[in-house]
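Trainee: I have a structure I would like to understand better, so I am pasting it below and will then ask my questions one at a time.
The values are calculated or read from the model by the stated rules, or taken from the named source; none is laboratory data. From a predicted model like this one, the values you see are computed outputs, not experimental measurements. Quick reminder, even Gly has a Cβ in these numbers, built from the backbone with ideal geometry, and neighbours come from all protein chains shown.
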Amino acid sequence: DGGITQSPKYLFRKEGQNVTLSCEQNLNHDAMYWYRQDPGQGLRLIYYSQIVNDFQKGDIAEGYSVSREKKESFPLTVTSAQKNPTAFYLCASSIQGASTGELFFGEGSRLTVL
Amino acid sequence: QQQVKQSPQSLIVQKGGISIINCAYENTAFDYFPWYQQFPGKGPALLIAIRPDVSEKKEGRFTISFNKSAKQFSLHIMDSQPGDSATYFCAASKGRYSTLTFGKGTMLLVSP
């Protein structure tokens, strides 16, 4: 079945460590996104990519990095510079821009910093 | 600055009642207004969406009402069911290649 696959579902990290969250899609979508979800804060955009080898910062990009080497993949690295990384991370994709239609979300990755 | 304000933060409705969630926006350039539904531990999924050329859109028990002059839009869930218990997010975007700006969400509980 087509969809978005995020891994791992749960991840624990010690302070000072970088971690990479995986996001793969087989929907042949051009655009991919990373959102962070905190209780009562809604979904906040970290990074997005409209095309391979290109990506833009969202509203809360500090302490995060991404790459888009393949159309299907958009991994997110949470670096040690991110001051409060414990959160639920959601990856999404769309055919083109968000306003042309539906965003398809993965099931999320929950990161806990110990 | 929050561009899409959503209320209430939480809502409890009896089974069979009407659930109403409201959103207000500031940017008049927004041209696409979707609602997403999220169950615990899952990613959000598109529920219904509207563009500003219509004032209302209905899909089954779900209706979006849109008031362009007031810069407000709302989600109505008729005959609410316990299975509707979830978090609902309104969102807005502008232009073909833009991103979505989400409200902070409303946690709906439909009591049996």
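Trainee: I want to confirm something. Restricting to segment B:22-68 and keeping residues that are buried (at least 16 other Cβ atoms within 10 Å of the Cβ) and hydroxyl-bearing (Ser, Thr, Tyr), which single residue is modelled with the lowest pLDDT?
Mentor: For segment B:22-68, the residue satisfying everything is B:32.
Trainee: Also: Let me spell it out: the conditions are (1) within 11 Å of chain A (Cβ to nearest Cβ); (2) on the phi > 0 side of the Ramachandran plot; (3) small (Gly, Ala, Ser), and residue B:49 meets all of them except one. Which number is the exception?
Mentor: Only one criterion in (1) within 11 Å of chain A (Cβ to nearest Cβ); (2) on the phi > 0 side of the Ramachandran plot; (3) small (Gly, Ala, Ser) is unmet by residue B:49, namely (2).
Trainee: OK, next. Is at least one residue of segment A:48-59 under 16 Å from residue A:108 (Cβ atoms), assigned to a loop (DSSP other than H, G, I, E, B), within 14 Å of another protein chain (Cβ to nearest Cβ) and in contact with a Lys or Arg (Cβ under 7 Å, 6 or more places away or on another chain)? Quick ask: steps written out before the conclusion?
Mentor: So the first thing to find is which residues in segment A:48-59 are under 16 Å from residue A:108 (Cβ atoms), and the list is none.
For segment A:48-59, residues under 16 Å from residue A:108 (Cβ atoms), assigned to a loop (DSSP other than H, G, I, E, B), within 14 Å of another protein chain (Cβ to nearest Cβ) and in contact with a Lys or Arg (Cβ under 7 Å, 6 or more places away or on another chain): absent.
Trainee: Got a number for residues in segment A:81-103 being more than 8 Å from chain B (Cβ to nearest Cβ) and over 13 Å from residue A:20 (Cβ atoms)?
Mentor: 10
For every residue, the table says whether it meets (1) on the phi > 0 side of the Ramachandran plot; (2) touching a residue at least 40 places away in the same chain (Cβ under 8 Å); (3) within 12 Å of chain A (Cβ to nearest Cβ); (4) in contact with a helix residue (DSSP H, G or I) (Cβ under 7 Å, 6 or more places away or on another chain).
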residue	(1), (2), (3), (4)
B:16	yes, yes, no, no
B:36	no, yes, yes, no
B:61	no, no, no, no
B:69	no, no, no, no
B:80	no, yes, no, no
B:84	no, yes, no, no
B:91	no, yes, yes, no
B:95	yes, yes, yes, yes
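Trainee: Pull up segment B:97-107, narrow it to residues that are over 16 Å from residue A:46 (Cα atoms) and either touching a helix residue (DSSP H, G or I) at 6+ places or on another chain (Cβ under 6 Å) or crowded, with 22+ Cβ neighbours inside 10 Å (or both), then point me to the one that is nearest to the other protein chains (Cβ to nearest Cβ).
Mentor: B:105
Trainee: Any residue in segment A:18-47 that is acidic (Asp, Glu) sitting within a Cβ distance under 7 Å of a residue that is at pLDDT 95 or above and part of a loop (DSSP other than H, G, I, E, B)? List the pairs, counting only those 6 or more apart or interchain.
Mentor: The qualifying pairs are A:24/A:72.
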